[in-house]
Amino acid sequence: MPGPDYRALVETNAGKARAQRLHLVREDAEASLCGIPRATLGHGAADLVCADCIEWLAKRKAVSGIFKAVPREA
């Protein structure tokens with residue numbers, strides 16, 4: 001079974017410097033991997049991905065590979 005999907009979004013109410021970074025948000029999450037609330041993120045143009053999000057993605061993948069997935073109840 002493939003892992004969860006992520007979206008790359010930018011901060012919509014940030015200054016220009018912060019809005020130039022994409023933040024990774026898991027499809028079912030309330031915030032980006034680096035902790036920015038999903039409500040403040042939206043679609044936009046950016047070429048760089050937040051370094052903190054990349055670091056947290058690697059950490060999440062390492063830890064979630066240790067534990068067996070729990071089936072969701074219908």
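Would you check which residues across the range 22-58 are open to solvent by 90 Å² or more (accessible area, probe 1.4 Å), of a type in the set (Gly, Ala, Ser) and assigned to a loop (DSSP other than H, G, I, E, B) and list them?
Matches in the range 22-58: Ala45 only.
Before we move on, is Arg18 under 13 Å from the mean Cα position of the chain (by Cα) and modelled with pLDDT under 90?
no
Which numbered condition in (1) free of Cβ contacts under 8 Å to residues at least 12 places away in the same chain; (2) part of a helix (DSSP H, G or I) is the only one that Lys61 fails?
(1)
The values are calculated or read from the model by the stated rules, or taken from the named source; none is laboratory data. Here the structure is a predicted model, which is why all the values come from computation and not from measurement. Please note: Cβ atoms are built from the backbone with ideal geometry, for glycine as well, and neighbour counts cover all protein chains shown. Each accessible area value is taken on the protein alone, full model and side chains, heavy atoms only, with ligands, DNA and RNA left out. Shrake-Rupley method; radii C 1.70, N 1.55, O 1.52, S 1.80 Å.
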